[in-house]
Structure formats: structure tokens, C-alpha cells
Amino acid sequence: MHEIGIVQDIFNTLREAYPERYNDIVKISLEAGLLSNLQPILIQNAFEAYILGDPQLQDTELDVSILPIIAYCKSCAQPFEVLQHRFVCPCGQSSDTILQGEELRIKSVLFKT
């Protein structure tokens, strides 16, 4: 289960970015593209397991937003949403230029006030 490693990396990143406020984190919001192979239920389970091991993070919440796949058509110079993994623009041309859908990023972090 690679989700446990992802959760550990998220918390390591936050510990490095916010050393003085790390223990005040109450909510983490992630954005994951459909091509990132992140399963929201599995990442949530890994997150829950991780925070159980750290009493200071017990009340921390996780929110995961799944981003659609957006490709770019060179023929008509327009972005389009990839549906059912068909990388074909409405104009009929195929595309291999992905603008969105592969990312996994921390969107926001909420701290206790």
C-alpha cells in the first residue's frame, strides 16, 4: 500500500515547512489528479492509521479533492477534459499533452487559531 508512504511524506513535508506550527495542524487539503492513482478511501485509511500513532495529530482532518484530466489540443489550441481515458479533443484530434491530472499536492493547511 503506497498510500502509507504518501501520508508519511505529507507529514514530513509539513513538519519541515511549519516546524513551529506543526502540532497546530487541524486540517490538510490535498488535490490529486485522476492519473495519480491515488484512491481516496485508501489514503484516508492510511491517514487515520498515521494520526493514531501521534496523539498531537488525533484531531487532524484530511480532505481530498480529485482533479479531472485536462489535456491540450495542438490542432485547435484548446484545453479539453479527458473523459473515460479517451485523449481525443472534441475537434476529433488525439492529444498526448496533459495539463492536469497527474499531480498530487497539498492544497492547503489549516491551523488552530
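The rows are residues; the columns are (1) touching a residue at least 12 places away in the same chain (Cβ under 8 Å); (2) polar (S, T, N, Q); (3) touching a Lys or Arg at 6+ places or on another chain (Cβ under 9 Å).
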| position | (1), (2), (3) |
| --- | --- |
| 34 | yes, no, no |
| 52 | no, no, no |
| 72 | yes, no, no |
| 82 | yes, no, no |
| 97 | yes, yes, yes |
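How do the pairs read when you match residues in the range 1-17 that are of a type in the set (Phe, Trp, Tyr) with residues anywhere that are outside any helix (DSSP H, G or I) and surrounded by 11 or more Cβ atoms within 10 Å (Cβ to Cβ), using Cβ under 9 Å and keeping only pairs 6 or more apart or on different chains?
11/25; 11/28; 11/54
Only residues that are surrounded by 14 or more Cβ atoms within 10 Å (Cβ to Cβ) and over 20 Å from the mean Cα position of the chain (by Cα): list them for the range 80-111, please.
Those that are surrounded by 14 or more Cβ atoms within 10 Å (Cβ to Cβ) and over 20 Å from the mean Cα position of the chain (by Cα): 80, 87, 88, 89, 95.
Given the structure, is residue 10 in a helix (DSSP H, G or I) and either of a type in the set (Phe, Trp, Tyr) or modelled with pLDDT of 95 or more (or both)?
Here the answer is yes, as residue 10 does meet what is asked.
Residues are listed down the side, and each one gets a yes or a no for (1) in contact with a strand residue (DSSP E or B) (Cβ under 6 Å, 6 or more places away or on another chain); (2) within 23 Å of residue 113 (Cα to Cα):
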{"site": "5", "(1), (2)": "no, no"}
{"site": "13", "(1), (2)": "no, yes"}
{"site": "19", "(1), (2)": "no, yes"}
{"site": "23", "(1), (2)": "no, yes"}
{"site": "45", "(1), (2)": "no, no"}
{"site": "52", "(1), (2)": "no, yes"}
{"site": "55", "(1), (2)": "no, yes"}
{"site": "59", "(1), (2)": "no, yes"}
{"site": "70", "(1), (2)": "yes, no"}
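Which of the residues that make up the range 31-56 are modelled with pLDDT under 90 and either over 13 Å from residue 102 (Cβ atoms) or not in a loop (DSSP other than H, G, I, E, B) (or both)?
Correct list: 39, 40, 53, 54, 55, 56.
Check 18, 50, 22, 72 and return the single one that is aromatic (Phe, Trp, Tyr) and surrounded by fewer than 16 Cβ atoms within 10 Å (Cβ to Cβ). Step through it out loud before you land on a result.
On the way: 50 fails: surrounded by fewer than 16 Cβ atoms within 10 Å (Cβ to Cβ); 22 fails: surrounded by fewer than 16 Cβ atoms within 10 Å (Cβ to Cβ); 72 fails: surrounded by fewer than 16 Cβ atoms within 10 Å (Cβ to Cβ).
When all the criteria are applied, what remains is 18.
The values are calculated or read from the model by the stated rules, or taken from the named source; none is laboratory data. The structure presented is a predicted model; accordingly, all values stated were derived computationally and were not measured. Neighbour counts run over all protein chains shown; Cβ positions are idealised from the backbone, glycine included.
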